[in-house]
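Nothing in this text is a laboratory measurement; each read-out follows from the coordinates by a stated rule. Predicted, not measured: the structure shown is a model, and the values here were computed from it. Quick reminder, even Gly has a Cβ in these numbers, built from the backbone with ideal geometry, and neighbours come from all protein chains shown.
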Amino acid sequence: QVQLVESGGGLVQPGGSLRLSCAATGNIFSPHFMGWYRQAPGKERELVAYVYSDSRTNYADSVKGRFTIARDNAKNTPYLQMNSLKPEDTAVYYCNVRVTGGNYWGQGTQVTVSS
C-alpha cells in the first residue's frame with residue numbers, strides 16, 4: 001500500500017511563503033488526480049488546489065493568485081507553492097493522489113501563519 005508523506009510545513013509570518021512537498025513510500029503509476037487539502041481547527045477538510053493528468057489546475061477561491069500547484073513528474077506527486085500567506089491559511093495540509101483503483105493520503109503537515 002502506497003503511503004504519502006508531506007513536508008515543508010512550519011511557522012511563517014503573514015506575507016511569507018512556504019513550499020509543501022509530498023513523497024510516496026512506493027511507486028505511483030499514472031495518477032489522474034493530485035491535490036492538496038487542508039483542515040483548520042473546528043472546520044471541515046477543504047480542497048485547496050488540484051491538478052489533473054493533463055495539467056489542468058483548479059484552486060479554491062480563497063487561495064487563487066497566491067498558491068500554485070504543480071506535478072513532480074519524477075515522483076508522481078504534487079507540490080504546493082504558497083505565497084502571501086495569511087493567518088486564515090493556518091491548517092493541517094494533506095496531500096492526495098488518485099490512481100485507478102487507489103486513493104492515497106498523507107498524514108498531514110502543519111502550517112501556521114502568525115506574527
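For W105, neighbours were defined as the other residues whose beta-carbon sits under 14 Å from its Cβ, and their charges (Lys and Arg +1, Asp and Glu -1) total +2. Round to the nearest 0.05 the FRET efficiency obtained for S114 and N73 when R0 = 41 Å and r is the Cβ-Cβ distance. After rounding to 0.05, the efficiency reads 0.75. Less than 14 Å from a label point 7 Å out along the Cα-to-Cβ axis of F29: which backbone N atoms in segment 93-115 qualify, by residue? Inside the label zone: 99-102.
For the chain, the fraction of C-alpha pairs farther apart than 17 angstrom is 50 percent. Placing unit charges on the Cβ atoms of the charged side chains and taking the dipole of the chain about its Cα centre, the candidate lying farthest along the positive direction among Q39, W105, N83 is N83. With a cut-off of 8 Å between alpha carbons and a minimum separation of six or more residues, what is the relative contact order of segment 46-115 in percent? Taking the mean separation of contacting Cα pairs over the length of segment 46-115, I get 21 percent. For the pair V5 and K86, label points projected 7 Å from Cα toward Cβ lie 3.4 nm apart. At 25 °C and 0.890 mPa s, grab the translational diffusion coefficient of segment 1-59 from Stokes-Einstein with a Kirkwood Rh over Cα pairs, rounded to a whole number in µm² per second. Result for D is 180 µm²/s.
With Rh defined as the Kirkwood radius, the inverse of the mean 1/r over Cα pairs, the Rg/Rh of segment 63-115 is 1.02.
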